[in-house]
Number of protein chains: 4
Amino acid sequence: MNIKDIQKQLSDFADERDWNQFHNPKNLAMALSVEASELVEIFQWLTPEQAEAIMDSDESEHVKEEMADVMIYLIRLADKLNIDLEEVVADKIIKNGEKYSVETSKGSAKKQTTLKEKIKNLIEL
Amino acid sequence: MNIKDIQKQLSDFADERDWNQFHNPKNLAMALSVEASELVEIFQWLTPEQAEAIMDSDESEHVKEEMADVMIYLIRLADKLNIDLEEVVADKIIKNGEKYSVETSKGSAKKQTTLKEKIKNLIEL
Amino acid sequence: MNIKDIQKQLSDFADERDWNQFHNPKNLAMALSVEASELVEIFQWLTPEQAEAIMDSDESEHVKEEMADVMIYLIRLADKLNIDLEEVVADKIIKNGEKYSVETSKGSAKKQTTLKEKIKNLIEL
Amino acid sequence: MNIKDIQKQLSDFADERDWNQFHNPKNLAMALSVEASELVEIFQWLTPEQAEAIMDSDESEHVKEEMADVMIYLIRLADKLNIDLEEVVADKIIKNGEKYSVETSKGSAKKQTTLKEKIKNLIEL
């Protein structure tokens, strides 16, 4: 099953249940963030080491379900907004490659701002 | 490009920048939820009608980028945890079909608990 | 300045800017969660040790501002919903004391369910 | 009960349960954002009108509890970081007053950037 197939399945699922009244982009974005937080909740009190071993714990099914829920709302939102998820991800990876060059970012998690973004901020001055 | 290809690209990207030290599952789940909130922020003051029209506004690129960021961290986390995203989504759709039957859920956004989940809670009593 | 004073100040601030049209409870809850995520973002790539030392870093002002933003939206929402924050916190601390007894919770971050909550789940069966 | 009293109560609560091992600033920020999302979840499928009436619904206790949980983790984090919440809120309200003047912000939810912030961005160019 690929993303397009999942998109169609989720759309039919919502149609059958008359859920389009709830699935406007604002609500779907909220639902997506709520599911992301349910994933975070699993990890919140764990040490980094315990987090690494999560799939060997009795939370492994829980992790899978929360990740599925995030994906489901993301695909549903993409469908509603007519966005091609694979395309926007490919574009973003190229942009990140420019923003976070190997030279400036090696071993550093520091957020970068591109020259283009800085000039944009400057013009708005 | 499919999910497996993206996964490989993101993994190489992180390797080249020596970012695996930051990309433990706990941190990736946090980053995922932060990106989801950046998406929510675009919608927070909009009416449902304005939200529907977001792709005709000057926020359309912003929406694409935030959705790409959510997807990127989700795929990255799946890679780290050795989870097949398409598989867990397919499983979750089946589970949701049992939980939210057309009969009980038509036109209702009410959260459901399956009999199995209720019995699980009962046993833990 | 106490919570009631802050509440009044924030209400006047919104009135003067004609912001009540945006400040419905749904939007305020979203804004609150977005600010909470901006706080999380500061910590996302840090080790627990680096996080402990955050107030000695150049992120200390940033932390204060994000915490202030969370508090501001929480107080604003409480005002809109006519909720006494200090009272609900006092009630919740009592409830948590019952839920997380020293005996069952010493050294454990495990989520507890009270007997009352379990029976509530059972009745809904 | 004021914030200082609550802070003391929560600190004693954690001490008695040996929870300081879990309550580092990173984990507390995560927990705060998770509670904020639990609040968002209550509102996610509601219309703005239904959200306005939430305290007349059977979710009113739930809203109070989630708001209390957000407040509890915010106060707990402030305690750990030695931050005076009332002071940082008072400072932020002054800053917001400069950032969102009545003239530029009347009836508009548009995010503003202060001249100071723009110059800061420029210098980092």
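Can you give me the number of residues within region A:43-73 that are more than 23 Å from residue C:48 (Cα to Cα) and acidic (Asp, Glu)? Don't jump to the end; show me each part of the working.
Taking region A:43-73 first, the residues more than 23 Å from residue C:48 (Cα to Cα) are A:58, A:60-62, A:64-73.
Now drop any that are not acidic (Asp, Glu), which leaves A:58, A:61, A:65-66, A:69.
The qualifying residues number 5.
What's the total number of residues in region D:113-125 that are part of a loop (DSSP other than H, G, I, E, B) and modelled with pLDDT under 75? Talk me through it step by step, then tell me what you get.
Narrowing region D:113-125 to residues part of a loop (DSSP other than H, G, I, E, B): D:113-114, D:124-125.
Then drop every residue that is not modelled with pLDDT under 75, which leaves D:124-125.
Residues meeting the conditions: 2.
For residues that are in contact (Cβ under 8 Å) with a residue 24 or more places away in the chain and over 16 Å from residue B:32 (Cα atoms), tally how many sit in region A:78-98.
First, pick out the residues of region A:78-98 that are in contact (Cβ under 8 Å) with a residue 24 or more places away in the chain: A:78-81, A:85-86.
Retained after the next criterion (residues that are over 16 Å from residue B:32 (Cα atoms)): A:78-81, A:86.
So the count comes out to 5.
In region B:1-112, which helices (runs of 4 or more DSSP H) lie fully inside it and hold 1 or more residues that are surrounded by fewer than 18 Cβ atoms within 10 Å (Cβ to Cβ) and more than 7 Å from every other protein chain (Cβ to nearest Cβ)?
Values: elements: B:3-16, B:25-43, B:48-52, B:60-81, B:85-99, B:102-105.
Ranges flagged: B:3-16, B:48-52, B:60-81, B:85-99, B:102-105.
Of the residues B:4, B:64, which is modelled with pLDDT under 95 and out of contact with any Asp or Glu (no Cβ under 7 Å at 6 or more places or on another chain)?
Numbers: B:64 fails: modelled with pLDDT under 95.
Among B:4, B:64, only B:4 is modelled with pLDDT under 95 and out of contact with any Asp or Glu (no Cβ under 7 Å at 6 or more places or on another chain).
Can you report the number of residues in region A:74-112 which are more than 22 Å from residue C:41 (Cβ to Cβ) and either among the charged types (D, E, K, R) or touching an Asp or Glu at 6+ places or on another chain (Cβ under 8 Å) (or both)?
Adding up the residues that qualify gives 10.
The values are calculated or read from the model by the stated rules, or taken from the named source; none is laboratory data. Please read these numbers as outputs of a predicted model, since none were measured by experiment. Methodologically, a virtual Cβ is constructed for each residue, glycine included, from the backbone with ideal geometry; neighbour enumeration extends over all protein chains shown.
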